[in-house]
Amino acid sequence: MEDDYYVSSDDDYYDEDDDRNNMELLEYVISKESLLAAQRDDLQRVMDVLSLKEYHARTLLIHYRWDVDKVLAVLVERGKDRLYAEAGVTVVEDDNLVSSQFSSDVMCGICMDEIPSDQVTIMDCGHYFCNNCWTEHFIVKINDGQSRRIKCMAHKCNSICDEAIIRNLVSARDPNLAEKFERFLLESYIEDNRKVKWCPSVPHCGNAIRIEEDELLCEVECACGLQFCFKCLSKAHSPCSCRMWELWCQKCQDESETVNYIAVNTKPCPKCYKLVEKNGGCNLVNCVCGQPFCWLCGAPTGSDHTWDSIAGHSCGRFKEDEDMKLELAKRDLFRYTHYFNRYQAHTDSFKLESTLKKSIQEKISRLEEKELMFKDLSWATKALYRLFRSRQIISYSYPFAYHMFGDLFENEMTAEERTIKQNLFEDQQQQLEANMEKLSLFTEEPFHEYGHEQIMELRIGILNLSTLTDKLCEKLYDCIENDLLGSLQWTRHSIAPYNSNGVEKASELTVSRDTTTSNSEIDLATNGMDISYTK
C-alpha cells in the first residue's frame, strides 16, 4: 500500500470537518410560511428606511428585482425623487383625496359617464376614473400576467396603482381572480428576484432556492435532493461551464453523430438511393434493389469482377475534396466517441457505486457488533463520499475537454498552445482518475472481516488517499480556472468554484411568525409553495 499513496499519521490527516465548520455559506429551506415572512422582511427594511407604505415598498423592490441594497444605493446616488420616478412610485400625504376633491357627480375620462363621487377612485398620481373602468382595467392586466406592476390608465402616466385598491375592486367582481393577483404578488419575490430561482426538478417539488452571495455562479442542492447549477438551472455540471454543458447536451441529444456515422460507414445506391452498409471485404456492393456499384466511388457497375478489379470500371483517380470530407467526418466521430465513452463510463460507475453506501453501513454495523477497541468508523463513509465527489468531477471533465480542445476555442489558441495545455490538463486528469480508482477498490474491501491491525492499516491508507484525491480535485479546478479558461481573451467561460464538501444541502430555516399573519392569509398567498433559502 505504501507504494501507491503517501502515508501519514493520524495527526497529519486532513480532517474534512475542519473545512465544514469554517464554511460561511449556509443553505436553508423556507416553508410557505417562511416565504411570506422573508418577503415581508425585505419590505419592512425599505418601509423603515423610506417611511413608505407596503405597496410602495413592494413597487420599488419589484422594479429593482427585490435587491434591497440596490434600492438603498440608488437612493444615495440619485436621490429619493429619482428613485421613486424610475420605479413609478407616487407618494401623497392625503389619503382622502376622493372625499376632499369631489362633492358631487364627476365625469369618468374613460367611459365618459357621469358617476357619483363615491363610485370614483383616485390614485396617488391624481388621476381618477370610475370603479367599473378601473376594475375592467385591473382584470385585463391580471389575466395578461401583468399584475406585478399595473400602471395607471391615464395616457403616459407611469405611476403604479395601489395594490389594496386593486385587491378590493377585483375581489368585489371576481374573488378567484383576486386570489390569483395575490399569488402573483408573492411569486414576484421569486420571479423578479435574481437571487431566487425555482428548483428545476421534474415533477416540480414546489421549492425555490435563494442565495445571498453576489456571485450567482454556484451549485446548490434543493431539499428535494436535486443538485443543480443556479445560473443555468441544469443539473450540477462543474467543471464544465454552462455554455459547454449546453453544447454537450445538445451534441448528445441531436442526430449529429448519427449523421457522421452514416457519412463514414454507408454509401447511397446510385439507382434507388437507399443507404447501403458494406459487410464484407469486396468493393463490389449489391444493393437490395439488385444494382451493383463500386464502394470506392459509388458509381454503378456490372456484376463481373475479380478479387482486385471490376470489369469495365476504374476509379483510381484521386478526389481530394471528397476524401478530405470523409476524413474530417471520421476524425470528428472518433473524437466525440472517445470523450463520450469515458463520460458515460464514469457516469455508469457513479450509479453503480451509489449502492456501496448500503454495503458500507452493513460493514460498519458488523464491526460495531464486535465491540472492537476503536469506535470511530466515520473514515469509511467519508471515503465513500470523496469517491462520489471525485467520480462526478472526472465524469464532467470529459465534456469539458471535448469543447476546450475542440473547435469552440480554435481562435483563442495556436496549435502548439492547445497541445501544451491539453497535455497539462490530461496529466492532472489522469492523476485524479488513477487515485480515484484506487480509492474505489479500497472502499470495496471486506474490512468487516479484518483483524484490528488490518483495519488500522486500511484506515490510514483510505484517509490519506481521500485527502490526496481531494487535493487533486482542487488542483484540477485550479488548472481549469486559471491556466485554461482564465487565459481566454475573446470569450468568457466561468465554472462553479470547487468545494471540498461538495454541493451543500439546504437545511430548514426557522422564522418567527408575524403576529399579524394569519394561517388563512398564508395559505391564500402561497397556495402550497415552498422555497429553499441559501444564505
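The values are calculated or read from the model by the stated rules, or taken from the named source; none is laboratory data. Note that the coordinates shown come from a computational prediction; the quantities given were computed from them, not determined experimentally. Note: ideal-geometry Cβ built from the backbone for every residue, glycine included; neighbour counts use all protein chains shown. These accessible areas exclude ligands, DNA and RNA; they are computed on the full protein's heavy atoms, side chains included. Shrake-Rupley method; radii C 1.70, N 1.55, O 1.52, S 1.80 Å.
Structure data summary
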{"item": "Set of the range 126-148 residues, backbone N closer than 20 Å to the point 7 Å along the Cα-Cβ line of Met107", "result": "126-134"}
{"item": "Label-point separation, Asp376 to Asp81 (7 Å along Cα→Cβ), nm", "result": "6.7"}
{"item": "Glu457/Ser354 FRET efficiency (R0 25 Å; Cβ-Cβ; nearest 0.05)", "result": "0.40"}
{"item": "Placed amide H near Ile110: partners under 5 Å, 5+ positions off or other chain", "result": "Cys130"}
{"item": "Equivalent ellipsoid semi-axes, the range 336-494, via Cα gyration tensor eigenvalues times 5, rooted, Å", "result": "39, 15, 11"}
{"item": "Protection proxy ranking, peptides 352-360, 176-184, average beta carbon neighbours within 10 Å, highest first", "result": "176-184, 352-360"}
{"item": "Separation between Cα centres of the range 105-123 and the range 404-418, rounded to whole Å", "result": "70"}
{"item": "Accessible heavy-atom area order of Lys351, Lys438, highest first, probe of 1.4 Å", "result": "Lys351, Lys438"}
{"item": "Kirkwood-type radius of the range 34-87, with distances r between different C-alpha atoms, in Å", "result": "11.0"}
{"item": "Ordering of 283-289, 185-191 by burial proxy (mean other Cβ atoms within 10 Å per residue, highest first)", "result": "185-191, 283-289"}
{"item": "Net length gained if the chain between Lys156 and Arg335 were fully extended (0.36 nm per residue, minus Cα distance)", "result": "58.5 nm"}
{"item": "In Å², nearest 10: area of Glu368 left accessible to a 1.4 Å probe", "result": "110"}
{"item": "Solvent exposure ordering (accessible area, 1.4 Å, most first) of Val120, Val92", "result": "Val92, Val120"}
{"item": "Where labels lie 7 Å past Cα in the beta-carbon direction, separation of His204 and Asp48 in nm", "result": "3.3"}
{"item": "Per-pair calculated FRET efficiency, R0 = 30 Å: Arg243 and Arg65 via Cβ, rounded to 0.05", "result": "0.80"}
{"item": "Estimated vicinal HN-Hα couplings, Hz - the range 340-356 in sequence order (Karplus 6.51, -1.76, 1.60; Gly, Pro = x)", "result": "5, 4, 6, 4, 5, 4, 6, 5, 5, 5, 4, 5, 5, 6, 4, 6, 5"}
{"item": "Protection proxy ranking, peptides 226-232, 108-114, average beta carbon neighbours within 10 Å, highest first", "result": "226-232, 108-114"}
{"item": "Farthest toward positive dipole pole in the range 336-494 [+1 Lys/Arg, -1 Asp/Glu at C-beta], among Leu352, Thr467, Met413", "result": "Leu352"}
{"item": "Under the Karplus curve 6.51 cos²θ - 1.76 cosθ + 1.60, θ = phi - 60°, whole-Hz ³J(HN,Hα) for the range 238-244, x wherever Gly or Pro sits", "result": "5, x, 7, 6, 4, 5, 4"}
{"item": "About the Cα centre, charge dipole magnitude for the range 75-197 (Lys/Arg +1, Asp/Glu -1 at Cβ), debye", "result": "740"}
{"item": "Extended-chain gain in nm, criterion 0.36 nm per residue less alpha-carbon gap, Leu328 and Lys471", "result": "47.6 nm"}
{"item": "Charged-residue dipole, Cβ positions (Lys, Arg, Asp, Glu), the range 34-87 about Cα centre, Debye nearest 20", "result": "100"}
{"item": "The range 327-445, dipole about Cα centre (Lys/Arg Cβ +1, Asp/Glu Cβ -1), debye to the nearest 20", "result": "460"}
{"item": "Alpha-carbon centroids, the range 165-201 and the range 346-366: separation in whole Å", "result": "45"}
{"item": "Isotropically averaged projected area of the range 106-173, using the convex hull of Cα atoms (one quarter of hull area), nm²", "result": "4.4"}
{"item": "Among Met456, Ser365, Ala383 the positive-end extreme of the charge dipole of the range 336-494 (Cβ point charges)", "result": "Ser365"}
{"item": "Area of Tyr343 that stays accessible when all protein chains are in place (1.4 Å probe, Å², to 10)", "result": "20"}
{"item": "Top positive-direction residue, dipole computed over the range 106-173 with Cβ charges, set Ile115, His127, His137", "result": "His137"}
{"item": "Solvent exposure, largest accessible area first (probe 1.4 Å, DNA, RNA and ligands not counted), of Glu504, Glu417, Glu327", "result": "Glu327, Glu417, Glu504"}
